[in-house]
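> Sharing a structure with you now.
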Amino acid sequence: MDFCEKETYGFKDLVEIVKILRSPEGCPWDREQTHKSIRSNFIEETYEAIEAIDTDDTELLKEELGDVLLQVALHSEIESEINRFNIDDVCDGICKKLIIRHPHVFGNVNADTTEQVLKNWDAIKMQTKEQKSQSQAMLSVSRSLPSLMRSTKLQQKASKVGFDWDNVDGALNKLFEECSELKDAIDSNDIDNQKEELGDVLFSVVNVARFLKIDSEQALYDACDKFTNRFSKVESLANERGIDMKTASLTELNSLWDEVKIQKK
């Protein structure tokens, strides 16, 4: 098949092109790749797709989803070459999973609300993965997730069996308690304990966010953008007034920061 002559391509074409690239007559770079060598590529392409979503860039999203799909095809082809599974097995697996976990669509289970759907999903997931305790369900949460996201998922699973505060006040008081313990560790110059207590503070912050129904990952993302924008304005203001930020006092810089903050409000 001469792929260069086609006007449009489909999923099967992508699979075939990846096979050609990985073949002895294909591309030297593609042939050398392994799951681990392109692991970071998968992460990078996924984040670029997320950026396209965040910026509402439809054309970019189409392109980036293609890049993500390429990663799926590459990893599947690597496994196909050693006869463990192929892209059809991947599609077969996800189709079966969707059918099993949507009995209210493909079966005779009633689920009229999102809450009921999620409850059924969790129960079916535990059953199909042969998880008999919530601890097993927690251990199944990927350790490769961003830590804020992983923290949220772990807390949600603990909450399902009643291990949770009654309201946000309990979570907030726990955060204050952990902050106090961090200060004690700093005052005592206990380096190891400082790391542990800081982790507890961050975990508690995520818990507060969960009660407020705020995505902690998104909240920190937005905070990073806000900090960058404000810092840029502080830097511009300093340049306008002939202030050298490297030699200026912290009081001067904080004054500029507060000025920018007031302007924003």
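What follows draws every value from the coordinates through simple rules; no lab data is involved. Here the structure is a predicted model, which means the values were calculated and not measured. Neighbour counts are summed over all protein chains in view; Cβ atoms, including those assigned to glycine, are modelled from backbone coordinates with ideal geometry.
> Can you give the angle from 0 to 90° between the axis of helix 216-240 and the longest principal axis of the chain, with both taken from C-alpha atoms, to the nearest 10?
It works out to around 50 degrees.
> Which of Asp122, Asp92, Asp56 moves most in a GNM of the chain, Cα contacts under 10 Å?
The residue that fluctuates most here is Asp56.
> Which one of Leu61, Ala111, Val206 has its Cα pushed farthest toward the positive end of the charge dipole of the chain, where Lys and Arg give +1 and Asp and Glu give -1 at the Cβ?
Ala111
> Taking only Cα atoms and a 10 Å spring cutoff, compute GNM fluctuations for the chain and point out the largest among Leu212, Leu21, Leu148.
Checking each option, the largest mean-square fluctuation is seen for Leu21.
> Same structure again: Once every Cα of the chain carries one equal point scatterer and solvent is ignored, give the base-10 log of I(q)/I(0) from the Debye formula at q = 0.10 Å⁻¹, two decimals.
-0.87
> Report, in listed order, any pair from Lys62/Lys119; Lys174/Lys195; Lys174/Lys233; Lys6/Lys97; Lys97/Lys157 with a Cα-Cα distance greater than 24 Å.
Lys62/Lys119; Lys174/Lys233; Lys6/Lys97
> A further question follows. Within a 10 angstrom radius of the beta carbon, how do Trp29, Trp165 rank from fewest other beta carbons to most?
Details: Trp29 9, Trp165 16.
Ranking Trp29, Trp165 by Cβ neighbours within 10 Å, fewest first, gives Trp29, Trp165.
> Note down the magnitude of the dipole of the range 3-99 about its Cα centre, charges +1 on Lys and Arg C-beta and -1 on Asp and Glu C-beta and zero elsewhere, to the nearest 20 debye.
Using Cβ point charges on Lys, Arg, Asp and Glu, the range 3-99 gives about 640 debye.
> Could you state the angle between the C-alpha long axis of helix 250-264 and the longest principal axis of the C-alpha atoms of the chain, as a value from 0 to 90 degrees rounded to the nearest 10?
Taking the Cα atoms of the chain, the angle to 250-264 is about 60 degrees.
> Provide Rg over Rh for the range 218-264; use the alpha carbon set for both Rg and the Kirkwood Rh (inverse mean inverse pair distance).
Checking Rg against Rh, the ratio lands at 1.02.
> To the nearest 20 debye, what charge dipole does the chain have about its Cα centre, counting +1 at the Cβ of each Lys and Arg and -1 at the Cβ of each Asp and Glu?
On the way: 34 positive and 52 negative charges, 192 e Å.
Here the size comes out at about 920 debye.
> Now for a different question. If I build a Gaussian network model for the chain, linking alpha-carbon pairs within less than 10 angstrom, which residue out of Thr247, Thr58, Thr113 has the largest mean-square fluctuation?
Per the Cα network of the chain with a 10 Å cutoff, Thr247 tops the list.
> Quick one: angle between helix 114-128 and the longest Cα principal axis of the chain, in degrees between 0 and 90, rounded to 10, please.
60
> Please go through the range 24-130 and write out the GluC sites (Glu not before Pro) that DSSP classes as loop and that have at most 13 other C-beta atoms within 10 Å.
Glu25, Glu81, Glu130
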